[in-house]
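I have placed the structure first, in the form of structure tokens, so that the comments after it can refer back to it.
The values are calculated or read from the model by the stated rules, or taken from the named source; none is laboratory data. Everything numeric in this text was worked out from a predicted model, so none of it was measured. No Cβ is skipped: glycine too gets one built from the backbone with ideal geometry, and neighbour counts run over all protein chains shown. Protein only, heavy atoms only, side chains kept; ligands, DNA and RNA dropped before computing areas. Shrake-Rupley method; radii C 1.70, N 1.55, O 1.52, S 1.80 Å.
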Amino acid sequence: MTMLSFRVDEAEANQAQAWADRLGLDRSELLREALRRHLQRLASEMEARIWEEHPLDEGEQSVADIADWGPAEDWSDWLDATG
């Protein structure tokens, strides 16, 4: 792991410590998880923007059409086969 060091407002530091205490975590663990979640959110927002800017082409759309065909066979009558 790599050490990160940054400054925060004292009130935010106190809130972070209070939440860590409530959750039974080290403050570092709480901040690692918060950073991980925030980075995931930023990445998903970026991915959504990319999808909007570059929608699926016709070939990629055809795969989605195949998925809409549904199941190859109807197996619903097998539900009562287990007795």
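So who's got an amide H within less than 5 Å of the one on L25, skipping anything under 5 residues away but keeping other chains? H placed 1.01 Å off N, in plane.
Distant-sequence amide H within range of L25: zero hits.
Stick to Cα atoms and the Kirkwood definition of Rh, then tell me Rg/Rh for segment 1-42.
On the way: Rg = 10.8 Å, Rh = 11.1 Å.
Rg/Rh for segment 1-42 comes to 0.97.
Got a number for carbon plus sulfur as a percent of the chain's accessible area, 1.4 Å probe? If you can, show how the numbers build up before the last one.
Values: 4470 of 8110 Å².
That fraction is 55 percent.
So what's the angle, to the nearest 10 degrees on a 0 to 90 scale, between helix 58-67 and the longest Cα principal axis of the chain?
70 degrees
Express the accessible area of the chain per residue in Å², computed with a 1.4 Å probe while the remaining protein chains stay in the model.
Numbers: 8110 Å² over 83 residues.
On a per-residue basis, the chain sits at 98 Å².
Using a Gaussian network model of the chain with C-alpha springs under 10 Å, which one of A13, A48, A34 is most mobile by mean-square fluctuation?
Looking only at A13, A48, A34, the largest GNM fluctuation is found for A13.
In vacuo Debye scattering of the chain, one point per C-alpha: log10 I(q)/I(0) at q = 0.13, 0.22, 0.24 Å⁻¹?
-0.72, -1.13, -1.20
How large is ³J(HN,Hα) for each residue in segment 22-31, as worked out from phi by the Karplus curve 6.51 cos²θ - 1.76 cosθ + 1.60 (θ = phi - 60°), to whole Hz, x for Gly and Pro?
4, 8, x, 10, 5, 4, 4, 5, 4, 5
Simple spin-label model, 7 Å along Cα-to-Cβ: Q17 to I66 in nm?
Calculated label separation equals 5.9 nm.
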